[in-house]
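Written below as structure tokens is the structure these notes are about.
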Amino acid sequence: MSDPLLSMMDTAYIGRLGANSLAALGVCTSIFYMSFYGFLATKTATTTLVASASSDKEAALVTSTSLQLGVAAGFLVMFGLRLFGRQCLSAMGVASSSEIFPYALTYLNTRCLSAPFFLLITVAEGALRGYGDTKIPLLASTATAAAMVALEPLLMFVLGWQIKGAAAAMGLSQVAGASVYAYFLRQRFAQMKNDKKKEEKEGEANQAQITRSKILLDIAKANFSMIIKQGSLLFTWAYATKSATRLGAAHVAAHQVALSFWMVFAYVLDAVSVGAQVLLSKARKSVPEMRSVSKYMISVAVAQGLAITLIIAGLGPHVPSFFTQDESVIAQLKTLMPVLSLQQVLISLTFVMEALAAGGSQFSLLGIGTALSALAAVLLMRRANSVLEIWTGGVLAMFVGRLIAATFGVLNVNALLPKWGGNKKTEKNE
């Protein structure tokens, strides 16, 4: 939850620097979504594998392996963005001659340094979701938010770093959050290691090696499908930003504000989906229990979607002037806010249904469904002539397609479709 709030605060501060800085943030945000959030696949897979682990040892092996993969990927992202930042901006439609370019390159080069810390946070949160631990993520989010609140105005305005200060504050706040996760996870592993020493027997090392190999295979299988899903999703958001960039600074600035505001409520909605994924993962031995969990979580999804719809409808008229004083940006935002409000039930259902499907290991179906949805969304956004058409065409199509795919996944894991893949084991226990 802290990430979208910090992003919204980042947007509000940078909006005070002018339309070009705000547009630069919009482009960079899409690049970071493509680079960082592509590894949310590991987070989702780790949650399910930890929650459904047969022992504490297996859960610990999943966690440690995923963390190693996450940090390694973080360094890869950091070096990639640092070396090819200009090319990334060009691919997003920002030429080196553009007024946006120097602001975007400064932000990109500074914030990319925090990639290893961000991806450690991402994977650690996924593991702790699987353990059912919400206290450590709360502490980490609090540390991240406190660092951001203290550093951003200091670096941007007191020290005069402006957009570079915003990027540095965001990166340093993620270092603070990652430090909290690292400290508590190290304590958890040390305690588990001490407990296991008392139970060690001959031949256990060989069994551990077999278990680790199996876990690596499980992670690889889950990650492959979820990377397809997350990659397709992030490509769609990046294409939406590129389409808005093509339309002009006012459109891409409005898109960035709308996306930052939307992300706050998306994370509120996603909080319920965390519980849905964990509960279904733990209920997989009983079809009746899975069906009960599914029905309850779907009803919660509809209720929270309606509640958020009313909240956004009430806040909508006041949002544009909070983020910017540019009249052209405000005009675009006034057309967007009602659309954001009306989409919330659809978004809530999509998140919860995808979480239920992921909890039932329907990873392949989610990956294929999201890829097809992304294709439809991009085709619609290619014809968009305004930021409003981007959101009412491509973004809407993306969520409708994802919901359809997730619905099939939930029906399958609940043994309501002809069996394939994910529900074979659960049907035996029906």
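The values are calculated or read from the model by the stated rules, or taken from the named source; none is laboratory data. Every value quoted in this text rests on a predicted model; they were computed, and no experiment measured them. Note: ideal-geometry Cβ built from the backbone for every residue, glycine included; neighbour counts use all protein chains shown. Heavy atoms of the whole protein, side chains included, go into the accessibility calculation; ligands, DNA and RNA do not. Shrake-Rupley method; radii C 1.70, N 1.55, O 1.52, S 1.80 Å.
If you place +1 on the Cβ of every Lys and Arg, -1 on the Cβ of every Asp and Glu, and leave all else neutral, what size is the dipole of the chain about its Cα centre, to the nearest 20 Debye?
Around 840 debye, computed over the chain.
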## Note on the structure
Nearest-0.05 FRET efficiency for THR134 and ALA266 at R0 = 25 Å, using Cβ-Cβ distance, is 0.85
### Summary
D (µm²/s, integer) via Stokes-Einstein for the range 290-376, Kirkwood Rh across alpha-carbon pairs, 10 °C, 1.306 mPa s: value 105
### Query
When the chain is modelled as a GNM with alpha-carbon springs shorter than 10 Å, which of PHE79, PHE351, PHE323 fluctuates the most?
PHE79
### Message
For percent of Cα pairs over 33 Å apart, one of (1) 34; (2) 41; (3) 53 was computed from the structure I shared and the rest are decoys. Which label?
### Response
(1)
#### Entry: Segment ALA331-SER96, length gained on full extension (0.36 nm per residue, minus Cα span)
81.8 nm
### Message
Full-extension gain between TYR296 and ALA146, please, as 0.36 nm times their residue separation minus the C-alpha to C-alpha distance.
### Response
50.5 nm
## Note on the structure
Sorted list, accessible surface of protein heavy atoms, 1.4 Å probe, largest first, for GLU99, GLU389 is GLU99, GLU389
### Message
Below 8 Å, C-alpha to C-alpha, sequence gap of six or more: please give me the relative contact order for the chain in percent.
### Response
21
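Using a cut-off of 15 Å between beta-carbons, work out the net charge of the residues near LEU388 (Lys and Arg +1, Asp and Glu -1, LEU388 not included).
+2
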### Summary
Given unit charges at Cβ for Lys, Arg (+) and Asp, Glu (-), the dipole magnitude of the range 278-430 about its Cα centre in debye, nearest 20, is 720
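Anything over 30 Å Cα to Cα? Flag those among LYS229/LYS282; LYS229/LYS295; LYS295/LYS334; LYS43/LYS242; LYS229/LYS334; LYS164/LYS242, in the order listed.
Violating the 30 Å Cα-Cα cut-off are LYS295/LYS334; LYS229/LYS334.
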### Choice from TRP391, TRP161, TRP237 with maximal GNM fluctuation in the chain (Cα, 10 Å cutoff)
TRP161
### Query
Where the Cα atoms of the range 241-353 are projected onto their three principal axes, how long is each span, largest first, in whole Å?
56, 29, 16
### Task
Take the Cα pairs of the range 276-429, get the Kirkwood Rh, then feed it into Stokes-Einstein at 37 °C and 0.692 mPa s and tell me D in µm²/s.
193
### Query
Which residue, ALA253, ALA190, ALA127, tops the fluctuation ranking in a GNM of the chain built on C-alpha contacts under 10 Å?
ALA190
### Query
Pairing the Cα long axis of helix 204-247 with the longest principal axis of the chain, what angle in degrees results, from 0 to 90 and rounded to the nearest 10?
20
